[in-house]
Amino acid sequence: MDLGLKGKNAIVTGGSQGVGLAIAQGLAREGCNVAIGARGKEQLEKAAENLRALGVNSVAITADFSTSEGCSKFVADASSQLGGIDILVNNVGGMTPGSIESLTDEQWQASIDLNLMSFIWTSRAALPHLKQSSSGRILNVSGLSGTQLLPGAWTTTIANTGILGITKQLANELAANNITVNSICPGTVRTEAWMGPRADAMAKARGMTSDEVRAMMASFAMLNRLAEPEEIGDVAAFLVSEKNSYMTGTTVEVCGGWSKYLG
Ligand SMILES: NC(=O)c1ccc[n+]([C@@H]2O[C@H](COP(=O)([O-])OP(=O)(O)OC[C@H]3O[C@@H](n4cnc5c(N)ncnc54)[C@H](OP(=O)(O)O)[C@@H]3O)[C@@H](O)[C@H]2O)c1
């Protein structure tokens, strides 16, 4: 199926690795140009080079999404380097481990700024560009802690519940401009972090091996495995495509059957 993404311009926050890069690759495989933003220049440029190898234009823009100015600058630079924006993917985020008693005010603020406010700041900055597109799309990356209890996942829970609210509000406000806004909710993805430092840190905290941690995360899914990055990228590409013209304000779970609620 031709998704109609050839020659469109997309921008992805936090696109140098992990879920963001998986989505950027999914878009590039469909012929969509992609601007990716992150802090680490070397990794970002390597990722953009790999995206260009898929035959599209890709630009690497160093950015700090934890401030409003950083988000606005990324959008302005990406738009001028790509020549407009049709698709925004709000992906950037990270988890700060801790409890209500251990998390400091600074950690809370930093987590909320990066995982939640960046979605608002980047969307706001991108709106004038998206409104000029004939097929404007926003895709917000959320997580299962937004819809069900994941004990201890304080900082992502606050962000992910908020992202679902942002998705609904934005979808309602932008419907008149024919811009659709949806959310994609991955389960555990076989990313660099889960194959390395994230699993290692959880293993240390729980007295398990990293392989045992990955097996435990896999066991939460009915399919009993982690998601391959392409499995997220392909669904994301469909969600922001012209083929997906009547879905807005909703969340699509790509979690191998982890969520167990009905309806
Ligand atoms: N991985 C999963 O299994 C999974 C599951 C469900 C949901 N998610 C969601 O997917 C999103 C990405 O997660 P991930 O696991 O793929 O993360 P990740 O592997 O840690 O990658 C994070 C990306 O964001 C960039 N980044 C981090 N802080 C930044 C900042 N202040 N300014 C600019 N860029 C920044 C990183 O590059 P630099 O460090 O170089 O800046 C990197 O490109 C998050 O919203 C997460 O909640 C992930």
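All of Gln43, Gln81 fail the test of being within 13 Å of the ligand (Cβ to nearest atom) and among the polar types (S, T, N, Q), apart from Gln43.
Yes or no: the range 247-261 includes at least one residue that is over 18 Å from the mean Cα position of the chain (by Cα) and buried (at least 20 other Cβ atoms within 10 Å of the Cβ). Checked the range 247-261: at least one residue is over 18 Å from the mean Cα position of the chain (by Cα) and buried (at least 20 other Cβ atoms within 10 Å of the Cβ).
In the set Val254, Val213, Val240, only one residue is in contact with a helix residue (DSSP H, G or I) (Cβ under 6 Å, 6 or more places away or on another chain), closer than 29 Å to Ala175 by Cα and among the hydrophobic types (A, V, I, L, M, F, W, C); that residue is Val254. Taking the criterion of being among the acidic types (Asp, Glu) and part of a helix (DSSP H, G or I), the residues of the range 223-242 that qualify are Glu230, Glu231, Asp234.
Only residues that are part of a helix (DSSP H, G or I), small (Gly, Ala, Ser) and surrounded by 21 or more Cβ atoms within 10 Å (Cβ to Cβ) were counted across the range 141-184, and they come to 3.
Just one of the listed residues (Ser134, Ser118) is touching a strand residue (DSSP E or B) at 6+ places or on another chain (Cβ under 8 Å) and either farther than 26 Å from Lys260 by Cβ or assigned to a loop (DSSP other than H, G, I, E, B) (or both), and it is Ser118.
Evaluating Leu27 against the criteria (1) part of a helix (DSSP H, G or I); (2) buried (at least 24 other Cβ atoms within 10 Å of the Cβ); (3) within 15 Å of the ligand (Cβ to nearest atom) leaves one unmet condition, (3).
For the range 37-64, the tally of residues that are charged (D, E, K, R) and either surrounded by 21 or more Cβ atoms within 10 Å (Cβ to Cβ) or not in a helix (DSSP H, G or I) (or both) stands at 2. Here Ala10 meets the list (1) in a helix (DSSP H, G or I); (2) away from the ligand (no atom under 13 Å from the Cβ); (3) surrounded by 24 or more Cβ atoms within 10 Å (Cβ to Cβ); (4) not β-branched (Val, Ile, Thr) almost entirely, failing just condition (1). Look at (1) closer than 18 Å to Leu150 by Cα; (2) in a loop (DSSP other than H, G, I, E, B); (3) among the small types (Gly, Ala, Ser) and you find that Ser245 fails only one, number (1). In the set Ala215, Ala199, Ala205, only one residue is surrounded by fewer than 18 Cβ atoms within 10 Å (Cβ to Cβ), over 29 Å from Cys32 (Cβ atoms) and free of Cβ contacts under 8 Å to residues at least 24 places away in the same chain; that residue is Ala215. Taking the range 130-140 as the range and being crowded, with 20+ Cβ neighbours inside 10 Å, charged (D, E, K, R) and either over 17 Å from the mean Cα position of the chain (by Cα) or within 9 Å of the ligand (Cβ to nearest atom) (or both) as the test, no residue passes.
Each reported figure results from applying straightforward, stated rules to the coordinates on display, with no laboratory input. Everything quoted here is computed from the prediction, not taken from an experiment. A quick note on method: Cβ atoms are made from the backbone with ideal geometry, for glycine too, and the neighbour counts reach across all protein chains shown.
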